[in-house]
Each structure stands twice: as structure tokens, then as C-alpha cells.
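The values are calculated or read from the model by the stated rules, or taken from the named source; none is laboratory data. As the structure is a computational prediction, the values presented were derived from the model and not from experiment. Ideal geometry is used to build each Cβ from the backbone, glycine not excepted, and the neighbour counts take in all protein chains shown. Just the protein is used for accessible areas: all its heavy atoms, side chains included, with ligands, DNA and RNA removed. Shrake-Rupley method; radii C 1.70, N 1.55, O 1.52, S 1.80 Å.
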Amino acid sequence: MSDTAQAQTAPAPAAAGGEHHHPNYVKIWAILVGLLAVSVVGPMVGVRWLTLVTAFGIAIVKAYLVARNFMHINLEKRWVAYLLLGMLAFMAIFMGGVSPDVMKHDGANWNNDAAKAWVEKGLKEAPKEEEHR
Amino acid sequence: MSFPKPAATLRSATGIPTGRLGVWWVIASEIVIFGGLLGSYIMHRLGHPEWAHQSINTNTWAGAFNTLVLLTSSLFAVLAHQAAEQKNGPKAARLLMVTCLGGLIFLIVKSFEWTHEIREGFTLTSNTFWSFYYTAAGLHGLHVIAGVVIMLIVAADARKGLELQRVENIGIYWHFVDLVWIFLFPLLYIAK
């Protein structure tokens, strides 16, 4: 059979995807909303590490729940997850490559005077702006 | 006048229906786009302690409400997918319309938020923090608009019981838009 003929007789995408067991989506949504509440309340305590855990740790958990239960990435061909993780790896390489230049304003043989000046200016102006408000 | 469906619509050569495969590729490219933007924001934020004085001006409650709206719209999107799998096109269309409503509420809240911030003098050019804020939230907002438009088209067909596989495809995209906001929310509204 030719490719075209095969294509014409192949099942429609929905059928090819096949039906699967659906979890209780409302329950997952309720968990996500609960996590959202924790991520809003957590930083109000005013402890830095707790803010980091409740804001960013919970964001990762929420992302996992959405990807797994709503996007059904666990039911998809495994290489799709590898493809997406590969893109995240590209992002990590990018950050690893440029972060020393962006996050630091000086090094053994270099100085970023412009960035230092901006930080200094911003920190000086900040209390005045807050008073003004 | 009817046209034959393109072969790509019916083919499933990789074991994944071609339409859905296309959506995964779109998402893969979006990860690099948003990842690059958010990665740059994180690096700058860590290198510029003065940004903390700018970020206190974002409205945490508006951000939290919009997160709730997007999470809820994602719930309706996945329920629409479930209805489509049960071959219930009209129900899938109704649920997609509710998802669209979530997108519209998100955009309305965002427009009020931005109007207030601009009136306070926080514009795209007032500080690098605000440049990132408007660029990241604006790019995300454009994705919300695109999602709503595509969903309306998919819902119109689904109502007639046509092209029900597209309900899942637009759902995957919408969940990704939700995912991006899940990371934007703590970065722009929580980390003060």
C-alpha cells in the first residue's frame, strides 16, 4: 500500500491517541488551589528560606501536577518528555554560560562599572521612592 | 464544496497523531522562548538587589487571583478533552467556552493591573525590572489571546461533532500557558 493510501486509512488522531483512564480532575484542581494558597501565605511569614520553598518549590510541584494530570505527559511517548527536558537543558546551558557575566559585576581581570553604578543608584533612590509613596 | 483532508491530518507515523505532535513541538520551542526570558530575569534579579524595591509595587492579590483563574480554566480544558474522548462534541464545546471565559477574565484583570501600574509611573522604560515585567507578562498575555482565539475556532467545530481530536491539542497548549504563569507568578509577584 502506498504512503498516501496508508495515510487515508490510518485512524483519526483521536482514535490513534486512544481513550485512557481519567483521574479525578476536580480533586487535582483542588490540590493546585491549596498549593496556590500556601505559596501566597508562605512569604507573609517573612522568612527567606520559607519564601523560596513555598514560592518556587510549590511552583515546581504545581507544574508537575499540571504536566502529568492535565497534559497527560506520562501517557505520551517517552521521547516527548525527553524532548521537553532537552529544551530545559538548553536553557540551563544558556544560564550556566552567561550567569557569571550577568550576576557578578567584577572578576579577576574585569569590572562592570556601569552595572555597579546602576545598583548603587537604585539602592540610593529606593528609600526616597518608598517615602514618596 | 468539500476538500480532501491533508495526509498530515490523518497520519500517525511517529505513533503520535500528527496534530498533537505539532503541539508538542510548539511547546518545545516555547520552552526555549520563555525559558530564555525567565532565565535572564532570574540572573538579573540575583545580580541587582535594587530591583527588590521595584518588585514590591506589583499586586500579589491580582497575580494570585489570575493564577486561580488560569488553574480553573485548565480544569475546564481537560474536562473538555474528556468530553471529546466520549465523542460528546457539544459538551466539549461548552467546556471550551468556559475555558475561553477564564482567558478573558485573566486578560481583563491584567488590563486593570497594568492601567494602575502605568498611572503610578511604572512603565516599560522606567526600570529594567519593569521592562522584564511587561515583556514577560505581555508575551504570556499574547499567548492567552492566541489560545482563546484558537479555542473559539475549535469549539465551533466541536459543537458540530467535527475534528474532536483538536480539543485535546488546544488543551495541551492551554495547560502550557497555565504552566508558564505558574512560574511567572512567584517570580514577578511573590519574590519581593
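Looking only at segment B:151-175, residues that are open to solvent by 50 Å² or more (accessible area, probe 1.4 Å) and farther than 12 Å from B:GLY103 by Cα come to 5 in all.
State the number of residues belonging to segment A:54-103 that are facing another protein chain (nearest Cβ under 7 Å), more than 12 Å from the chain's Cα centre (by Cα) and in contact (Cβ under 8 Å) with a residue 24 or more places away in the chain. Looking only at that region, the number is 1. Test B:THR72 against the criterion of being at pLDDT below 95 and within 11 Å of another protein chain (Cβ to nearest Cβ), and give yes or no. Taking the combined requirement at face value, the residue does not satisfy it.
Among the helices (runs of 4 or more DSSP H) confined to segment B:1-100, the ones with at least 2 residues that are open to solvent by 40 Å² or more (accessible area, probe 1.4 Å) and either closer than 29 Å to B:LEU184 by Cα or aliphatic (A, V, I, L, M) (or both) are located at B:18-47, B:60-85. Restricting attention to segment B:104-121, the residues that are open to solvent by less than 10 Å² (accessible area, probe 1.4 Å) and in contact (Cβ under 8 Å) with a residue 60 or more places away in the chain add up to 1.
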